[in-house]
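The structure under discussion appears below in the form of structure tokens.
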């Protein structure tokens, strides 16, 4: 719902533990800026350049790896994507988020510094923005998003077309001291039914046209997606071709919902 990424296709994470095809320089090149300069080409985009771009996108923007710089951990996955392989990135993103939260929980329970557990903090922020929208008094249906497709005036904004876009443009906190106190008091006293018992798809007319897999005429989801949403499952985590062994996180939607 937030990202539109595939979560229902079959997944084979061990396929990405193979040795990558292309040789991409990672170390001693000046971080991401040097990485871009080394791999940027002009003319027709070849598979190598496409893979290099996808690897940067996966490492820097999707999974937010511990290296905080160029790394070959996601290169095999990037090469598979560049070849057109169908990969449920939504499962991988959820697995990465669960793995990150598990590491943080362990650190907190031991009273240890959290440090840099790596992981998609941005995804947790989007989820919190949407979940807490009523408490923070944000009207998601009125949010606007930058219109990058406008060549004449890129600064023009358009209406949001998905919950992810709406949740990503929440402004910074403008609460007074009293309002901030009330906001954090919710975490001690619990949330009221009015602020938490709402569902993005409960309206007859959906707020946004995306994600496209919801049928507003029959008020139903795509069957494969519904199976993925309501059934417990195993999510791939730490499946990259690095030094650590692949692990999995158990996903139980009914427990999470409670």
(message) Modelling each spin label as a point 7 Å along the Cα-to-Cβ direction, I'd like the residue 48/residue 25 distance in nm, to one decimal.
(response) 1.3 nm
(request) Give me the distance in nm between label points sitting 7 Å out from Cα along the Cα-to-Cβ direction at residue 159 and residue 194, one decimal. (result) 2.7 nm
(message) How big is the stretch 2-45 along each principal axis, measuring the range of its Cα positions in Å and listing the largest first?
(response) 37, 27, 24
(request) Report the paramagnetic label zone for residue 41: residues of the stretch 58-86 whose backbone N is under 20 Å from a point 7 Å from Cα along the Cα-to-Cβ axis. (result) 58, 71-72, 75-85
(request) Report the extension gain between residue 186 and residue 128 in nm, rounded to one decimal, defined as 0.36 nm multiplied by the number of residues separating them, less their alpha carbon distance. (result) 19.5 nm
(request) Please list the radius of gyration and Dmax for the stretch 13-83, considering alpha-carbon atoms only, with Å as the unit. (result) 11.5, 34
(message) 7 Å from Cα along Cα→Cβ at both residue 114 and residue 6: what's the point-to-point distance in nm?
(response) 3.3 nm
(message) Report D for the stretch 19-165 in µm² per second (integer): Stokes-Einstein, Kirkwood Rh on Cα pairs, 4 °C, 1.567 mPa s.
(response) 72 µm²/s
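A short reminder: the numbers here are calculations on the coordinates, not readings from a lab. All of these numbers come straight from a predicted model, not from anything done at the bench. Please note: Cβ atoms are built from the backbone with ideal geometry, for glycine as well, and neighbour counts cover all protein chains shown.
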